[in-house]
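Structure, as structure tokens:
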Amino acid sequence: MRLQWITLLLSVALVATACKDKSGPAGGGIANVSDEESAKTVLQIAAGSKDHTTLVKAVQAAGLENSLANQGPFTVFAPTDAAFKALPSGALDKVMADKNLLTTVLGYHVYVGSSLKESMLTDGDELSMFDGGTAKISVKAGKISINGANVLAAVPASNGMVYVIDKVLLPPEKK
């Protein structure tokens, strides 16, 4: 089951590019995709992505490249390539070299149990992520963030919701 959710993360992350050229509200609001695109499953939308090659490589390194035929619902926070490039020097290589750590990091980007629409995310919410950690939602002046990562786009799919984010979420250390 864990592998299925991580595979889902790859698929959802790839969805993010589908909204890249869609413009959101004036003032830098969250971009959204058309109803036609949201009628597609996460996996169908994923095929057209260009901004998540690092995430794709991470999923492949974790051995999770097989597509997932899951009806969901789920919510995925998908970091862009730029988010991965912003990690400290050597951090990505370290994570990619450790399959267990990589699986944990990928799992920290997935909320299981619901397709959370933007209107459902409120300031101060704590989400129980797939890896077992929690992440905190912040909503300020209509802008959503999760653990300090800004939501750049919201991408509804027929089987879930994807939020494109500008930072990689790092799970809290387990004690």
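Worth a mention:
- Residue check, Val168 under 23 Å from Asp51 (Cα atoms), in a loop (DSSP other than H, G, I, E, B), out of contact with any Gly (no Cβ under 9 Å at 6 or more places or on another chain) and open to solvent by less than 50 Å² (accessible area, probe 1.4 Å): yes
- Of the candidates Asp131, Asp93, Asp125, Asp81, the single residue that is open to solvent by 20 Å² or more (accessible area, probe 1.4 Å) and farther than 14 Å from Lys57 by Cβ is Asp125.
- Scanning the range 134-145 for residues that are more than 10 Å from Tyr108 (Cβ to Cβ) and surrounded by 13 or more Cβ atoms within 10 Å (Cβ to Cβ) turns up Lys136, Ile137, Ser138, Val139, Lys143, Ile144, Ser145.
- Pick from the range 128-150, criterion of a type in the set (D, E, K, R) and at pLDDT 95 or above, ranking: farthest from Gly72 (Cα to Cα): Lys140
- Val162 being of a type in the set (A, V, I, L, M, F, W, C) and buried (at least 16 other Cβ atoms within 10 Å of the Cβ): yes
- Verdict on Val155 being open to solvent by 10 Å² or more (accessible area, probe 1.4 Å) and either touching a His at 6+ places or on another chain (Cβ under 9 Å) or of a type in the set (A, V, I, L, M, F, W, C) (or both): no
- Any hit, the range 115-127, residues being among the β-branched types (Val, Ile, Thr) and at pLDDT 95 or above: yes
- Residues (open to solvent by 30 Å² or more (accessible area, probe 1.4 Å) and over 17 Å from Met161 (Cβ atoms)) located in the range 96-115: Met96, Ala97, Asp98, Lys99, Asn100, Leu101, Thr104
- Taking the range 50-156 and the helices (runs of 4 or more DSSP H) fully enclosed by it, the elements with 1 or more residues that are touching a helix residue (DSSP H, G or I) at 6+ places or on another chain (Cβ under 9 Å), without any contact (Cβ under 8 Å) to a residue 60 or more places away in the chain and more than 20 Å from Pro171 (Cβ to Cβ) are at 53-61, 81-85.
The values are calculated or read from the model by the stated rules, or taken from the named source; none is laboratory data. What you are looking at is a predicted structure, and each value in this text was computed from that prediction instead of being measured. All Cβ positions, even for glycine, are placed from backbone atoms using ideal geometry, and neighbour counts span all protein chains on display. What goes into the accessible areas is simple: the full protein's heavy atoms, side chains included, and nothing from ligands, DNA or RNA. Shrake-Rupley method; radii C 1.70, N 1.55, O 1.52, S 1.80 Å.
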